[in-house]
Amino acid sequence: MTDYSDSFLRNVLNRTETIAMVGASPKPERASNRVGRFLVSKGYRVIPVNPGQAGEELFGETVVASLADIHERVDMVDIFRRAEDVGPIVDQVLQMDRVQTIWMQLGIINEEAAAKARAAGVDVVMDRCPAIEYPRLIGG
């Protein structure tokens with residue numbers, strides 16, 4: 001399912017404070033970099049996840065190699081990876097404590113992983129971008 005009500009998306013964006021961004025890139029031309037910077041500008045804390053950049057700084061945070069390296073509460077996991085890579089990421093998310101939302105970026109749809117997450121009580125958004133939905137639903 002990729003058809004979400006505005007109220008559902010607005011609720012996800014309003015309740016979220018901390019976002020783990022899987023596939024975050026330090027390259028300004030990459031979508032994950034632009035989206036991460038946008039989310040930080042709107043007051044979200046964005047923890048970048050990228051094994052090739054672990055230990056570096058991005059979005060004012062230290063990049064971690066994997067979701068398992070995050071030892072604090074995360075409200076949403078934003079995924080910038082190919083659809084076929086999403087299953088193992090969802091498995092990692094389900095090992096974390098109280099993640100409310102898994103958000104798969106534009107073009108990323110994995111129904112099997114989404115069903116698994118929903119069955120565990122995690123909301124799922126696929127084929128959407130928070131940097132598009134935020135201005136549309138909240139403003140700014």
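Each value in this text was obtained by applying a stated rule to the coordinates, not by laboratory testing. Please read all numbers here as calculations on a predicted model, not as lab measurements. So basically every Cβ, Gly included, is an ideal-geometry build from the backbone, and we count neighbours across all protein chains shown.
Quick notes on this structure:
- Distance between the C-alpha centres of segment 94-140 and segment 32-58: 17 Å, rounded to the whole angstrom.
- Shape annotation for the chain: C-alpha extents along the principal axes are 36, 34, 26 Å, from largest to smallest.
- Residues in segment 101-106 carry Karplus couplings, in order, of 9, 10, 10, 9, 5, 3 Hz; the curve used is 6.51 cos²θ - 1.76 cosθ + 1.60 with θ = phi - 60°, and Gly or Pro positions show x.
- Taking amide hydrogens as placed 1.01 Å from N in the peptide plane, the amide H of Arg30 sits under 5 Å from that of no residue at least 5 positions away in sequence or on another chain.
- Restricting segment 1-78 to GluC sites (Glu not before Pro) that sit in a DSSP loop and have at most 13 other Cβ atoms within 10 Å of their own Cβ leaves Glu17, Glu29, Glu56, Glu72.
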